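Peer 1: I am attaching a structure below and will ask some questions about it afterwards.
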Amino acid sequence: MKTVAIIQARMGSTRLPGKVLMMLGDKTALERCIEQVQKSMVKDIVVATVVLKRDLPIVKLCASIGISVYCGSEQDVLDRYYQSAKLFEADHIVRITADCPMLCPQTIDRVVQLHYDTGADYTSNVIVRTFPNGHDVEIMTFAALERSYNLAVDPFEREHMDEYILRNQDKFNCKNLLNDTDESRVRLTLDTQEDYEKLKRFYEKIPVFARIY
């Protein structure tokens, strides 16, 4: 059984272009995200980016740190995940987004273990949100991903790789991990300039902050 974390990353973010390569301390947001995943039980990691010239810096960064890359469609993120999963022969796919540099490894492990223990098609902590924004973790079987890939026709379901499952939970065995306390109002993601300034201050003042997870 092979579980692969696929981190989606692109330079063309509408709200904050190039955010995944913005510096947080001495490393980029993408590197911070990768490091957090590497601390989890999931050891196979792929960055799924886009076949565009502007995304080449992502490919070069991953090559420099020894992380596998798949380049695919910018708009059809579901296809990007499906092709990545096929190429790297994943039985289970952990979906991570590169705008989560402070992702918690323990949360990844808890979601993944719940998925294994229950034999679910899809497991996450986002169906009912109780974790901080920026600690989102999803895992699905390849069969569930392939089913979504074959059945999703709405453009929104193609752009958001989990949307077909979330809209059709009655067709899948879905599980959700709840946090001990509701921290859903805590914001630890990187979507806006304000987010960046806040996160940058953390890494400037406490350069080892990410290591406490």
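Peer 1: Using DSSP, restrict attention to beta bridges with both residues in the chain and report what percent are antiparallel, rounded to the nearest 5. List each step's numbers first, then the result.
Peer 2: Numbers: 9 of 29 bridges.
For the chain, the DSSP antiparallel bridge percentage is about 30.
Peer 1: Still on this structure, I have one more. Do any of Lys2/Lys200; Lys86/Lys198; Lys53/Lys86; Lys39/Lys205; Lys86/Lys175 go past 31 Å between their Cα atoms, and which? Intermediate values should be presented prior to the final figure.
Peer 2: On the way: Lys2/Lys200 35 Å; Lys86/Lys198 37 Å; Lys53/Lys86 24 Å; Lys39/Lys205 22 Å; Lys86/Lys175 24 Å.
Result: Lys2/Lys200; Lys86/Lys198 exceed 31 Å.
Peer 1: Kindly put Ile58, Ile127, Ile165 in sequence by how many other C-beta atoms sit within 10 Å of each C-beta, fewest to most. Walk me through the numbers on the way to the answer.
Peer 2: Details: Ile58 26, Ile127 17, Ile165 23.
Exposure proxy ranking, most exposed first: Ile127, Ile165, Ile58.
Peer 1: Another question, then. In a Gaussian network model over the chain where Cα atoms closer than 10 Å are linked, find which of Asp76, Asp121, Asp170 has the largest mean-square fluctuation.
Peer 2: Asp170
Peer 1: Take the alpha carbon gyration tensor of segment 1-134, find the square roots of its eigenvalues, order them as a ≥ b ≥ c, and report rounded if a/c is under 1.5; if not, report prolate when a/b exceeds b/c, else oblate. Before the final figure, lay out each step's value.
Peer 2: On the way: a/c = 1.63, a/b = 1.34, b/c = 1.22.
Prolate, because a/c is 1.5 or more and a/b exceeds b/c.
Every read-out reported here was derived from the displayed coordinates using simple, explicitly stated rules and does not represent laboratory data. Small disclaimer: the values here were computed from a predicted structure and weren't measured. Reconstructed Cβ throughout: ideal geometry from the backbone, glycine too, with neighbour counts over all protein chains shown.
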